Amino acid sequence: MSRLPLPLALCAALLSGCATDYCGDDVASWIEVGASHGDGDAVFVPITDGAVLAVERGSQGGQHVWAALRARGLDPGSEDISEGLANDDLPWVEFQLESDEGVHSSDNLLRRPLDRTDGPEPYGLMDRQVQFRHWVSLPPDWADQDMGEVEAALEEVDFTLRVILEDACGDTLTDEVIVRLDFPPRG
């Protein structure tokens, strides 16, 4: 067995992620779904059941709400996206918007580094657009429907806003809250 010189051994240990590896630790992990301002401010806004989220319209006719997460006690993987892809240690993150009819949000499963925060929760993901559809399955008469009426009806629906995160260890954390939507006026 050959030995590495001490400086190389330290470098190898640091590159292997030993300093931030939570895998196998009995760390109390948790995650919280929330909202964000969506104005580039990157501020986590805690929300509770019954919160109303403002819907924003996109330039191509779609709509979205802004979501965020904060978490603790997980292995966040690499801080740099290129390094994380090379190391295959970036977390998987998905936000879902679901009603009794099913999932309205578009597929948004994404691998990306988590933000390191200065607050008591060391990890977060801010300013995430969660795009969604008016219907889970497009009805045959969708073009004939009054979208103002469709959106007014959706404002009365309880939606589940959920975040699912699989960290670098393969551990999955989930949180959800019940929300309502507030659509801006049409036209």
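The values are calculated or read from the model by the stated rules, or taken from the named source; none is laboratory data. Values in this document were obtained by computation on a predicted structure and should not be read as measured data. Neighbour counts run over all protein chains shown; Cβ positions are idealised from the backbone, glycine included. For accessibility, only protein heavy atoms count, side chains too; no ligands or nucleic acids. Shrake-Rupley method; radii C 1.70, N 1.55, O 1.52, S 1.80 Å.
Listed values, structure above:
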read-out: The one condition in (1) touching a strand residue (DSSP E or B) at 6+ places or on another chain (Cβ under 6 Å); (2) modelled with pLDDT under 95; (3) open to solvent by less than 70 Å² (accessible area, probe 1.4 Å) that Val157 fails to fulfil; value: (2)
read-out: Yes/no for Leu90 being touching a Ser or Thr at 6+ places or on another chain (Cβ under 9 Å), among the hydrophobic types (A, V, I, L, M, F, W, C) and over 30 Å from Ala152 (Cα atoms); value: yes
read-out: Unmet criterion (only one of (1) over 17 Å from the mean Cα position of the chain (by Cα); (2) in a loop (DSSP other than H, G, I, E, B); (3) among the hydroxyl-bearing types (Ser, Thr, Tyr)) for Ser82; value: (2)
read-out: Gly187 being closer than 30 Å to Ser29 by Cα, modelled with pLDDT under 95 and small (Gly, Ala, Ser); value: no
read-out: Residues of region 111-144 that turn out to be more than 24 Å from Ala68 (Cβ to Cβ) and either hydroxyl-bearing (Ser, Thr, Tyr) or open to solvent by less than 60 Å² (accessible area, probe 1.4 Å) (or both), as a count; value: 4
read-out: Unmet criterion (only one of (1) open to solvent by 60 Å² or more (accessible area, probe 1.4 Å); (2) at pLDDT below 95; (3) of a type in the set (Val, Ile, Thr)) for Thr174; value: (2)
read-out: Every residue from region 75-105 that is surrounded by 15 or more Cβ atoms within 10 Å (Cβ to Cβ), among the small types (Gly, Ala, Ser) and farther than 25 Å from Trp30 by Cβ; value: Ser99
